[in-house]
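Asker: Here's a structure for you.
Coordinate-derived values only; no laboratory data. Here the structure is a predicted model, which means the values were calculated and not measured. Heads up, the Cβs are rebuilt from the backbone with ideal geometry, glycines too, and the neighbour counts pull from every protein chain shown.
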Amino acid sequence: MQNPKAKMDEIKTKFMDLLNKQTNRQVKIPAMGFSDYFIQTVTAAESLKSDNLEKTQSSENDAEIINAQKSDQEILESIEHIYFQVESDTDMYELKKVLGNGVNYDLINSTIAQLRKQHKVLSKKVRQNILEQRSACNEEFVAINETQKELEQALWTCRKARSYLNYARTNLTTTSLEILASYRKREILKELLNSLQAVKKLKSTDVEVQKLLSDCNYSGAISLLLRCKNFAVEFMEYNCVQSLNKKLQETLLLTEYQLDTVLNEMILNFDMQKYAKLQEAYKLLNKSLMAMDQLHIHFISAIHSSVNSVIRGYNDPNVDENLKYLYEQLCENVEADKYIPCLISLCKTFWTILASYYQMVMWHQNYKLYSVDTAESPDLYIQEKLKKGKSRIWNDILTKICTFLQSSKLKTLKYDQFIQVLSIIQRLKKVGLEFCGEHSDKLIEIMQIQSEEFFQRYHIACLEEICLFLDNESWTVVDSFGNILQLPEFRSVRHTLRRHKSPPVVLLINSPSVEHSPTSNNNCDELVSVHSQDAVSSIYGSYGYFLRFSEKSSPFDGGLDVAMLEEDILSGIVDEASCYFSEESDDEHKSLQSKECEDLTGCNSVTVNNTTLNVFRCIGRYLQMCKLLHCISPKIVMSMLELMDFYAFAVHEIFAKDSVVQMENFYSPKLEEKLEYVSHHVVPNIKIWPLNFSSLINNELANPDTLYGLSQRIVAVESGHCMVQQFQILHTYLNHLLPAQERSMLKNYFDYLNFMMDVGKPVYTCVTSRVIDLTAILTMMAKVKWDVNHVSFQHNNYIDIMNRNIQNFAMRLEEIGKEIAVPAEPVWNSMTHVATHLLVEGFSNVKKCSAGGRALMQLDFTNFMSILELISNQKYPECRAYVDLFIKAYYFSNEQFEEWIIEQKNLQTQQYTNKQLTNLIVCACISDKRTRQKLLNLVGNDHHLNTSSTSSTATT
């Protein structure tokens, strides 16, 4: 039961809120009810009479006065909560309150007065609120009246409708009702029939879906399944439809799985029509983006699975297939003879994957799945996804290829096999560049490392091969050789050399340098990229791999064994070899060789031997490596130069060590530097050096009947000279292959192309120094009386002997010239050099000589030179000046003699030896000891002279 006090407090609170609301309205309430005087009078008349009457009246008056002083609000708030409760017993409450402590009349009177005051104020407040709500009450009565009118109108309408219905019921016949019933029944039956047909169609959906899938009509199957699912939703009240709907959902999942299987098949066998149907099906499923993500997963998975499958196919078949090897181990297990076929199979497999991906990209570029073309279009997302996927797929392929190339089997390949590997990698690099625009730096870096290791070993093997040719060389001319372009190793660069044509090498000897070669003057059209320079030679060169091949054919099909070595790999197509060479017949090929020889070399006579031919072949193979792996071309070109330098070094070692005269001054500083480089940096790498040439040296080079092997020496020197001339054909092309910062190496080499002619000087001197008996001539010259007073017109006998030796030498040269072309100029220069230095040596040994004796020396020398120039049909102004100056120095004054000695000492290559100058000073200043000593001090040689003429030898 509710607490009376709490209920009274609630009533009091509500009442006070009402009063506050009326107070806020500021409505003036008229004074109503009892006045204060009336309350006081009634209270006084009805008071009890007792002994304490006067005291009580006094108390009431005081209470009334106090209550009168209180406001109505305070009186209302002083009312206890029990009076506001509905079921409260206020009488008992007041009686218990005043009689709780006994009868107290004062308390009773004060309580009565208080209650009356509260009743008065409360009544007054209620009347005031009633007056305030009168206007709202009137408005409510008006609304009630209007509602009553509307109810009366609605009642009339209902009565009228009932009357019409009664009329209709009265006038409608039984036949009309039967028609309506029949129509309703027919509609129900039609609806039932439609439901049965829908259920039947749902039941046969699975068969139709499988038929559509077998016909590759994936979009039709998906559309049918989606329509059936929508039908099933309308008939879900049937239990059979519920089970069919569940089966349709399972069929849809199986269909999606089958779509994913077909999508996976597109990676290795792309079909444009089937792929278009797949994309349409995924579009109906609203899973085009998910399908694209799944497609990339399939590509990555296909790369890994296909690689392992290919590698396992080339492993030992006896190995247990259940053993799980790592990919690196599988690569190591590939045998060396299967290495290249395995690499080709890998490249073909990768090409199939890349071609499928490329065609998918092209398909999405040409066809739009969604008509909306906005920044958030799914087509844009798919194209961006495919674009980013290119790099990822190519990097995965590169990783597999690089791992395969790092196997140890690659180092065991032969040169031809290694060239095939480079060719395949070069094409693979082009595929990557065309596929995603990447240069495959990782692949090139690995091939660079492998190539450097392989080339280092191969270069040493080439040097040793040249040594074997040298050891078995017959030093005879190969007649069938025309120029290097006829060698098979140079066929791939023949057309390139036409565009990068070097100056004719006939100008080689007369030109001090090759700075005027068109290396730096090539037109922009000629400076084609190294990796595409021969593309124009092919009728297919202007098209990319992905336009010329599909996933069923690849750039790695055919021509990868023997033809690969003959094609220009840089043209980058399958049938480059046929485009290069099959277009020329044999006659055209021969005429082309002749024309190229005339255009490029400027001459038709070529002297080569088997060793130089082998050097040419090595250089041709080196050129192929330069083309295929451009990054190590500086090292390869340097190795080419080492091959030619080694040949020159070998010729020098074989043919320039048996001279009977000193030859220090025969060597220019550059030649000495070149020979020293080969001796310290090239020869130590050759295990079979030095070779045994004792039979050649003993049989041929020491045989006077063969003129000390002059024909062999000529073939050796002239073959080297021809080798340098032929190599100059490659000058511009090699500059084209080399980076700009590496071309100085080649320029420095071509600045000194006459080194073989310099090697020929000591080689020919070994022969010419034996033509004349030097010791006998010096002895005869020592017996001549040079201090004569009168000059005779007859030269001395030793000149006749020298002239006969020269005549015999000329006849021997004619005999040799019938077999080989004799280089007359260098041979006769060597002969003249030996003879003139022999005369100077003999003249310097004279102890006493008069002016007549000097005239006799001039007579002898003039006679000899006239015969020599007549026989050789050449002029030798330098040699004439060399002897004339030594003879005329006898007539110099002391000052001129001193200046001449100083000039001779300051020459970079001294013309006369200290011994010769000393003897000349002693002979010329025999009577002037002071001048003689001064000049000897200038020479720096004041030691005693060796006067033994028999032990003297001619010096250079």
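Asker: Could you sort the peptides 672-679, 449-456, 96-103 by per-residue average Cβ neighbour count (10 Å cutoff), highest mean leading?
Answerer: Top to bottom by mean Cβ count within 10 Å: 449-456, 672-679, 96-103.
Asker: Now, a different point. Once you place label points 7 Å from the Cα toward the Cβ at Asp787 and Phe141, how far apart are they in nm?
Answerer: 18.6 nm
Asker: Once you have all Cα-Cα distances for the range 87-203, histogram them in 10 Å bins from zero and send the whole-percent values.
Answerer: 9, 13, 12, 11, 11, 10, 9, 10, 9, 5, 0
Asker: Let me ask something else. To check my understanding: the extent here is largest minus smallest coordinate of the Cα atoms along each principal axis. What are those three numbers for the range 616-664, in Å, largest first?
Answerer: Cα spread of the range 616-664 along its principal axes, largest to smallest: 50, 20, 7 Å.
Asker: Another one. Rounded to the nearest 20 debye, what is the charge dipole size of the range 246-445 about its Cα centre when +1 sits on each Lys and Arg Cβ and -1 on each Asp and Glu Cβ?
Answerer: 220 debye
Asker: Another question, if that's okay. Suppose each label sits 7 Å from its Cα in the direction of the beta carbon; what would the Tyr752-Lys283 distance come out to in nanometres?
Answerer: 7.5 nm
Asker: What number comes out for the charge environment of Met290, summing +1 per Lys or Arg and -1 per Asp or Glu over other residues with Cβ under 12 Å away?
Answerer: Neighbourhood net charge equals 0.
Asker: What whole-number distance in Å separates the alpha-carbon centres of the range 713-786 and the range 873-925?
Answerer: 27 Å
Asker: Can you figure out the FRET efficiency of Asn914 with Ser893, using R₀ = 30 Å and their beta-carbon distance, to the nearest 0.05?
Answerer: Result of the calculation: an efficiency of 0.85.
Asker: Multiplying the sequence separation of Tyr677 and Asn166 by 0.36 nm and subtracting their Cα-Cα distance, what value in nm do you get?
Answerer: 170.5 nm
Asker: Separate question: Near Asp471, within a Cβ-to-Cβ distance under 14 Å, what is the net charge of the other residues, with Lys and Arg +1 and Asp and Glu -1?
Answerer: Residues near Asp471 contribute -3 overall.
Asker: How much of the calculated P(r) for the range 776-940 lies past 23 Å, in percent of all Cα pairs?
Answerer: I get 43 percent for the Cα pairs in the range 776-940 exceeding 23 Å.
Asker: Would you mind working out the magnitude of the charge dipole of the range 776-940 relative to its Cα centre, with +1 at each Lys and Arg C-beta and -1 at each Asp and Glu C-beta, to the nearest 20 Debye?
Answerer: Taking the Cα centre of the range 776-940 as origin, the dipole is about 680 debye.
Asker: Something else about it: If I model a spin label as a point 7 Å beyond the Cα along the Cα-Cβ vector, how far apart are those points for Glu452 and Ile902 in nm?
Answerer: 5.6 nm
Asker: Hey, another quick one. Run a plain Debye calculation on the range 611-705 (Cα atoms as equal point scatterers, no solvent) and give log10 I(q)/I(0) at q = 0.24 Å⁻¹, rounded to two decimals, same order as the q list.
Answerer: -1.31
Asker: Looking at Ile179, Leu193, Ser123, which one has the Cα that reaches farthest to the positive end of the dipole of the range 87-203 (charges on Cβ: Lys, Arg +1; Asp, Glu -1)?
Answerer: Final value for the positive-end residue is Leu193.
Asker: Now a separate question. Two decimals, Cα atoms only, Kirkwood Rh: what is Rg/Rh over the range 246-445?
Answerer: 1.05
Asker: Right, here's the next one. How much net charge surrounds Glu335 when only the other residues with a Cβ under 10 Å from the Cβ of Glu335 are counted, with Lys and Arg +1 and Asp and Glu -1?
Answerer: 0
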